[in-house]
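Everything below concerns the one structure shown next.
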Amino acid sequence: MLKLLAILIEHFEQAHYSLGESAETLAELMRARNMTAKDLWPIFGSKGITSEVPGGRRGVSKDKATRLGELFRVSAEAFI
């Protein structure tokens, strides 16, 4: 029963909280503007966090998504 619950939670999270698309969007926007992770340090405040976000290992908060949206002139929803 516990294994089934874990599988259901995983499927739900992938469907509703996919980091893959937002990470790909961020990476593509950075690539299009010849930006590196260092250029995002002012937004994330940390070298470690900045390197994890484009790789999809860490999500983006609403505040950070708003700031990224302003930087790239796109909707903040692209990063959530």
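The values are calculated or read from the model by the stated rules, or taken from the named source; none is laboratory data. Predicted model, so just to flag it, every value in this text is computed and none were measured. Note: ideal-geometry Cβ built from the backbone for every residue, glycine included; neighbour counts use all protein chains shown.
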Any idea which residue in the range 26-57 is modelled with the highest pLDDT, counting only those that are within 8 Å of the chain's Cα centre (by Cα) and crowded, with 17+ Cβ neighbours inside 10 Å? L26
Output for Cβ contacts, cut-off 8 Å, separation at least six or different chains, first residue more than 11 Å from K64 (Cβ to Cβ) and of a type in the set (K, R) in the range 30-46, second modelled with pLDDT under 90 and buried (at least 16 other Cβ atoms within 10 Å of the Cβ), reads K38/T50
Which numbered condition I7 misses (of (1) in a helix (DSSP H, G or I); (2) touching an Asp or Glu at 6+ places or on another chain (Cβ under 8 Å)): (2)
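Does the range 67-78 include one or more residues that are among the basic types (K, R) and outside any helix (DSSP H, G or I)? Walk me through how you get there before you give the answer.
First, pick out the residues of the range 67-78 that are among the basic types (K, R): 67, 73.
Still in the running and outside any helix (DSSP H, G or I): 73.
Yes, the range 67-78 has at least one match.
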Residues satisfying the stated conditions in the range 58-80, i.e. modelled with pLDDT under 85 and charged (D, E, K, R): R58
